[in-house]
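Written below as structure tokens is the structure these notes are about.
The values are calculated or read from the model by the stated rules, or taken from the named source; none is laboratory data. These numbers come from a predicted model, not from an experiment. Please note: Cβ atoms are built from the backbone with ideal geometry, for glycine as well, and neighbour counts cover all protein chains shown. With ligands, DNA and RNA removed, areas are computed over all heavy atoms of the protein, side chains included. Shrake-Rupley method; radii C 1.70, N 1.55, O 1.52, S 1.80 Å.
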Amino acid sequence: AEVMRILKDLGSRLNGAGGDTIDNVTPQLEKICSSICSSFWFESSSSRSPSSNQLGSLFVSEEFMKILYMFKSEKKTVLCKELLRSFFLLSYNNRTGLRKDRAIGLGGIKISDPIEVHAIFALCRDLHDSIDALSSKEERKQVSELLCCFVNAIDFGEDVQEQLRIYVDCRASFPGFDSVKELLIHKVLLLTHKVFAHVIRGERTSNMLDRRGLFLRRSYHTNQSGEFVKSCLAYCYITIPSITNILRRISLFRLGGSVALSNQLLPQTDAFFKASILSVTEVPSSPIFQKYRDKRWRLEEILTSEIRALSSALLPVPGNPDGGPFYLIKGLINAVNGFPWIVNRCDNFFIQTSRIRILTMFIPLLSSMGQNRLPELYRLANVYSNNALYGGHRAYGQELVHLISGIITDVSNELENMTVHGEKKYESILERLKWKKMHDEVKQEFLYLLNTNCRLEK
């Protein structure tokens with residue numbers, strides 16, 4: 001309290017003195033701010049309680065913030081970074097007992113006081129605005145880590161509407177960092193999971209969506225919870241296109257589609273998966289290596305992994321009355337066939353190995369769609385997949401056989417038509433892979449399932 005009174009008196013005197021006086025006493029002001037931060041650090045570090053971080057009281061101190069904003073932009077940026085780094089690092093150390101600089105960015109503190117949240121938000125916004133085209137890569141990384149720490153720390157408990165509002169403000173104020181926007185998308189999707197977890201359990205939610213309390217129907221959204229989840233999905237659908245990395249957009253659209261499907265929102269599911277498939281066509285064809293999940297991969301290897309995950313996510317998605325049961329699968333196959341894959345050399349012959357590898361991945365996917373029941377992992381509450389909507393219809397089974405036959409025929413033709421120096425056919429590859437034999441076996445097996453196990457449409 002005494003420190004705050006001194007700061008208040010100091011601030012009033014400096015405001016009355018003018019700008020020249022502030023410039024002259026800037027070194028002394030910097031020492032004062034550093035000393036105050038150090039004293040709060042010492043008091044907080046003497047206790048191991050996660051809630052003992054006294055640095056948080058500085059953010060809500062009007063006197064201290066007035067002193068801080070008297071510095072010029074560069075010096076203020078440095079002090080803000082030191083203050084925020086001390087705050088998040090100390091909070092993590094009090095939580096775990098660790099004393100490592102690498103703790104920054106790992107999180108551990110939860111900020112629920114709205115005043116404190118908005119005060120730290122103002123500092124983070126100033127840090128973000130301090131980054132320009134001349135900023136170094138290391139400086140951008142430091143600011144990005146601090147902004148991610150702040151986003152991770154926001155926690156209003158069951159007041160999910162207030163938390164979504166602050167995420168909207170963060171998206172508007174921190175547009176310059178893809179890592180922050182990606183984290184915001186994941187956080188908003190977690191809000192939908194928090195709401196749907198209460199829906200599944202049928203619990204009474206006192207502060208989540210209605211202050212009066214609300215009984216949610218088991219496994220079904222009410223109008224209020226459903227509208228909130230739609231708002232979260234709309235937030236993600238709008239934010240994802242602003243991310244620069246096209247491969248991350250494919251992954252995030254896929255994740256959003258899976259979340260929408262688990263919440264029984266089929267129009268949103270279609271929109272997310274369509275956007276993910278369209279993003280596949282926007283990936284540039286390049287042999288260069290890129291860093292992905294802390295490793296260096298060829299671009300086509302990363303795209304192959306994303307398409308594999310996307311095809312797996314499409315398994316429980318029901319068909320569309322206008323497009324049919326396989327319209328998303330067909331769209332993904334067309335995107336794969338239309339992509340300019342790099343032609344690789346294989347024993348003096350040339351072949352698009354990535355394309356063939358991806359096409360073969362569709363065979364087990366379509367085979368699973370031909371089963372009477374999906375694997376347990378893909379059964380979602382109150383979601384009727386294609387096996388329940390179309391299973392037993394002869395046209396459904398025939399189209400499934402046609403798709404698989406087309407894929408195998410396409411791969412067979414790719415292998416048979418390999419040419420180099422005017423020579424055709426590489427019989428050893430055909431014999432080794434036995435595509436023609438596999439084509440006949442798969443076709444006969446599906447025809448057997450169609451005529452015996454399925455409930456044929458009369």
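Give me a count of the residues in segment 298-319 that are within 21 Å of Val401 (Cβ to Cβ) and not in a loop (DSSP other than H, G, I, E, B).
Residues flagged as within 21 Å of Val401 (Cβ to Cβ) and not in a loop (DSSP other than H, G, I, E, B) within segment 298-319 amount to 1.
Output yes when any residue across segment 36-51 is in a helix (DSSP H, G or I) and either more than 23 Å from Phe87 (Cα to Cα) or modelled with pLDDT of 70 or more (or both), and no when none is.
Step one: filter segment 36-51 for residues in a helix (DSSP H, G or I), giving 36-45.
Okay, now just the ones that are also either more than 23 Å from Phe87 (Cα to Cα) or modelled with pLDDT of 70 or more (or both), so 36.
Yes: segment 36-51 contains one or more residues that are in a helix (DSSP H, G or I) and either more than 23 Å from Phe87 (Cα to Cα) or modelled with pLDDT of 70 or more (or both).
Mind checking which residues of segment 218-260 are among the aliphatic types (A, V, I, L, M) and under 21 Å from Ser312 (Cβ atoms)?
Leu233, Ile240, Ile246, Leu247, Ile250, Leu252, Leu255, Val259, Ala260 - these are the residues of segment 218-260 that are among the aliphatic types (A, V, I, L, M) and under 21 Å from Ser312 (Cβ atoms).
Of all residues in segment 250-280, which are of a type in the set (A, V, I, L, M) and open to solvent by less than 10 Å² (accessible area, probe 1.4 Å)? I'd like the intermediate steps shown before the answer.
So the first thing to find is which residues in segment 250-280 are of a type in the set (A, V, I, L, M), and the list is 250, 252, 255, 259-261, 265-266, 271, 275, 277-278, 280.
Within segment 250-280, Ile250, Leu252, Ala260, Leu261, Val280 meet the criteria.
Output the residues belonging to segment 374-407 that are on the phi < 0 side of the Ramachandran plot, under 30 Å from the mean Cα position of the chain (by Cα) and either of a type outside the set (Val, Ile, Thr) or assigned to a helix (DSSP H, G or I) (or both).
Of all residues in segment 374-407, those on the phi < 0 side of the Ramachandran plot come to 374-381, 383-391, 393-407.
From what's left, under 30 Å from the mean Cα position of the chain (by Cα): 374-381, 383-387.
Scanning segment 374-407 gives Leu374, Pro375, Glu376, Leu377, Tyr378, Arg379, Leu380, Ala381, Tyr384, Ser385, Asn386, Asn387.
Which one is modelled with the highest pLDDT among residues in segment 266-299 that are among the acidic types (Asp, Glu) and within 25 Å of Asn334 (Cβ to Cβ)?
To start, the set of residues in segment 266-299 that are among the acidic types (Asp, Glu) comprises 270, 282, 294.
Pick out the ones that are also within 25 Å of Asn334 (Cβ to Cβ) and you get 270, 282.
Values: Asp270: 95, Glu282: 90.
Applying the filter and picking the extreme gives Asp270.
Limited to segment 334-344, what total is found for residues that are touching a residue at least 40 places away in the same chain (Cβ under 8 Å), touching a helix residue (DSSP H, G or I) at 6+ places or on another chain (Cβ under 9 Å) and either open to solvent by 20 Å² or more (accessible area, probe 1.4 Å) or assigned to a loop (DSSP other than H, G, I, E, B) (or both)?
Qualifying residue count, segment 334-344: 5.
Out of all the residues in segment 150-178, which are open to solvent by less than 50 Å² (accessible area, probe 1.4 Å) and polar (S, T, N, Q)?
Asn152, Gln163, Ser173
If Ala153 meets every condition in (1) touching a helix residue (DSSP H, G or I) at 6+ places or on another chain (Cβ under 8 Å); (2) over 23 Å from Cys232 (Cβ atoms); (3) not hydroxyl-bearing (Ser, Thr, Tyr) apart from one, which number is that one?
(2)
Output yes when any residue across segment 351-364 is open to solvent by 40 Å² or more (accessible area, probe 1.4 Å), in a loop (DSSP other than H, G, I, E, B), at pLDDT 80 or above and within 21 Å of Leu332 (Cβ to Cβ), and no when none is.
Scanning segment 351-364 turns up no residue that is open to solvent by 40 Å² or more (accessible area, probe 1.4 Å), in a loop (DSSP other than H, G, I, E, B), at pLDDT 80 or above and within 21 Å of Leu332 (Cβ to Cβ).
Any idea which residue in segment 393-402 is modelled with the lowest pLDDT, counting only those that are open to solvent by less than 60 Å² (accessible area, probe 1.4 Å) and closer than 30 Å to Val259 by Cβ?
Per the stated criteria, the residue is Tyr396.
Name the single residue that is modelled with the lowest pLDDT among those in segment 94-116 being β-branched (Val, Ile, Thr), surrounded by 15 or more Cβ atoms within 10 Å (Cβ to Cβ) and more than 19 Å from Leu68 (Cβ to Cβ).
Among residues in segment 94-116 that are β-branched (Val, Ile, Thr), surrounded by 15 or more Cβ atoms within 10 Å (Cβ to Cβ) and more than 19 Å from Leu68 (Cβ to Cβ), the one modelled with the lowest pLDDT is Ile104.
Results for (1) at pLDDT below 85; (2) crowded, with 17+ Cβ neighbours inside 10 Å; (3) not acidic (Asp, Glu); (4) not in a helix (DSSP H, G or I), shown as yes or no for each residue.
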residue: Leu89; (1), (2), (3), (4): yes, yes, yes, no
residue: Tyr92; (1), (2), (3), (4): yes, yes, yes, no
residue: His118; (1), (2), (3), (4): no, no, yes, no
residue: Leu127; (1), (2), (3), (4): no, yes, yes, no
residue: Ala133; (1), (2), (3), (4): no, no, yes, yes
residue: Leu146; (1), (2), (3), (4): no, yes, yes, no
